[in-house]
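All remarks here apply to the structure that follows.
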Amino acid sequence: MIYITLIICFISSILLTPLVKKLAFKIGATDKPNHRKVHQKIMPRLGGLAIYLSFIIGMLVLRPEDPYALSIIIGSIIIVITGILDDIIELSAKVKLIAQIAAAAIVVIWGGVHVQFINLPFGGHIEFGYFSIPMTIIWIVGITNAINLIDGLDGLAAGVSSIALITISGMAIIMGDGYVTAVASIVLASTLGFLIYNFHPAKIFMGDTGALFLGYMISVLSLLGFKNVTLISFIVPIIILGVPISDTFFAIIRRIINKKPLSAPDKSHLHHCLLRIGFTHRQTVLMIYAMAAFFGLAAIIFSQAKLLGGFFFIVILLIMIELFAEMIGLAGKNYRPLLKMMRVLLVTSERNR
């Protein structure tokens with residue numbers, strides 16, 4: 001039944017996207033070019049509605065049962081309504097944040113989706129207590145915005161989200177979690193149908209409707225798949241979402257260095273840096289897809305690692321991310337602490353010869 005449902009979701013998304021495109025132009029949900037945008041003409045940006053409607057169709061057909069299902073759906077409705085309004089009238093950052101917190105709170109407080117403890121490798125566990133609820137809400141809101149931040153090139157957010165969903169559903173199959181497998185697969189099929197129209201050159205953008213919905217669903221599904229488990233498993237969803245999380249992290253560093261508000265927009269995200277280096281639009285998107293796939297594979301390898309091996313794996317991964325970020329100027333042209341340290345060590349070693 002699940003395979004039939006996925007085919008239905010995929011086809012529904014393909015059929016619904018042109019209709020949503022017409023609707024976007026009719027209601028004024030369009031994206032106009034400016035100095036921060038890559039596109040050169042007015043584009044419809046309500047495409048996420050096609051993804052969401054296909055997702056709802058899939059949920060109605062398959063009806064996967066889970067105690068969290070109703071709260072997740074209600075939270076998604078709040079997120080999608082927020083995205084639609086933003087695509088039409090451009091809501092303020094504060095209003096969008098309040099809506100995201102409200103959606104996350106419904107899932108966490110009413111639905112009960114939150115990380116209560118982590119089992120430690122050497123026995124015992126850490127209880128989060130009262131911090132459990134705010135920590136989980138911050139995770140959902142953070143990942144929702146991280147996906148939104150990378151939505152800057154044709155097919156980028158949809159492709160990176162699809163790779164994350166493939167990894168989450170694959171890990172859920174390994175762990176025997178039928179609900180996460182089913183829902184992640186439904187979202188994946190709906191997104192892939194839309195990606196046909198969204199890959200470069202895009203005919204429609206997903207807009208905040210799509211980016212917020214995908215970020216919300218990925219954050220919640222990763223929580224459901226990996227909550228209340230070992231310390232190693234708790235790190236797995238962070239690795240899976242390595243591209244959007246690292247891009248967001250270095251955006252924060254960049255704004256702190258430049259003494260700008262954290263919400264201030266700029267043109268120095270990962271895709272901007274790669275374009276500036278000289279990669280074409282399509283090459284940049286495919287390169288970031290490869291990075292997302294690398295993180296997905298890294299998450300699977302890490303989940304099977306022993307404690308010591310997992311620790312060294314994370315250290316090497318973090319060094320690789322930092323070096324790459326410094327080389328392309330992700331945190332700013334002058335932010336190169338690791339490269340400077342390596343240069344000093346190299347010069348020192350040459351003098352000691």
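The values are calculated or read from the model by the stated rules, or taken from the named source; none is laboratory data. All of these numbers come straight from a predicted model, not from anything done at the bench. Here the Cβ is made from the backbone with ideal geometry for all residues, glycine too, and neighbour counts use every protein chain on show. Accessible surface is based on the protein model in full, side chains and every heavy atom, while ligands, DNA and RNA are left aside. Shrake-Rupley method; radii C 1.70, N 1.55, O 1.52, S 1.80 Å.
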Within segment 117-176, considering residues that are among the aromatic types (Phe, Trp, Tyr) and either surrounded by 15 or more Cβ atoms within 10 Å (Cβ to Cβ) or not in a helix (DSSP H, G or I) (or both), the one modelled with the lowest pLDDT: Phe122
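Here is a yes/no grid of residues against (1) of a type outside the set (Ser, Thr, Tyr); (2) over 19 Å from Gly58 (Cα atoms); (3) in contact with a Leu (Cβ under 7 Å, 6 or more places away or on another chain):
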residue	(1), (2), (3)
Ile166	yes, no, yes
Gly176	yes, yes, no
Pro201	yes, yes, no
Gly210	yes, no, no
I'd like to check something: does segment 343-350 contain any residue that is under 30 Å from Lys260 (Cβ atoms) and open to solvent by 30 Å² or more (accessible area, probe 1.4 Å)? yes
What helices (runs of 4 or more DSSP H), lying completely within segment 241-329, carry at least 1 residues that are over 30 Å from Pro201 (Cβ atoms)? 242-257, 281-303, 307-328
For segment 74-94, check the following and say yes or no: at least one residue is open to solvent by less than 80 Å² (accessible area, probe 1.4 Å) and either of a type in the set (Lys, Arg) or not in a helix (DSSP H, G or I) (or both). yes
Which one of these does Asp66 not meet: (1) of a type outside the set (Phe, Trp, Tyr); (2) in a helix (DSSP H, G or I); (3) open to solvent by 30 Å² or more (accessible area, probe 1.4 Å)? (2)
Report the residue count in segment 190-206 for those that are of a type outside the set (Ser, Thr, Tyr), open to solvent by less than 10 Å² (accessible area, probe 1.4 Å) and part of a helix (DSSP H, G or I). 3
Could you go through segment 26-33 and let me know if any residue there is modelled with pLDDT of 95 or more, surrounded by fewer than 21 Cβ atoms within 10 Å (Cβ to Cβ) and part of a helix (DSSP H, G or I). no
Of the numbered conditions (1) of a type outside the set (Val, Ile, Thr); (2) closer than 22 Å to Leu60 by Cβ; (3) open to solvent by 10 Å² or more (accessible area, probe 1.4 Å), Ala182 satisfies every one except a single condition; which is it? (3)
So for segment 107-116 (the condition being closer than 21 Å to Gly193 by Cα and in a helix (DSSP H, G or I)), does at least one residue qualify? no
Kindly evaluate Lys340 against the criterion of being assigned to a loop (DSSP other than H, G, I, E, B), open to solvent by 20 Å² or more (accessible area, probe 1.4 Å) and among the charged types (D, E, K, R). no
Test set (1) crowded, with 17+ Cβ neighbours inside 10 Å; (2) at pLDDT below 85 - Phe311 fails condition number: (1)
Would you mind finding the one in Leu286, Leu297 that is within 18 Å of Gly152 (Cβ to Cβ) and open to solvent by 40 Å² or more (accessible area, probe 1.4 Å)? Leu286
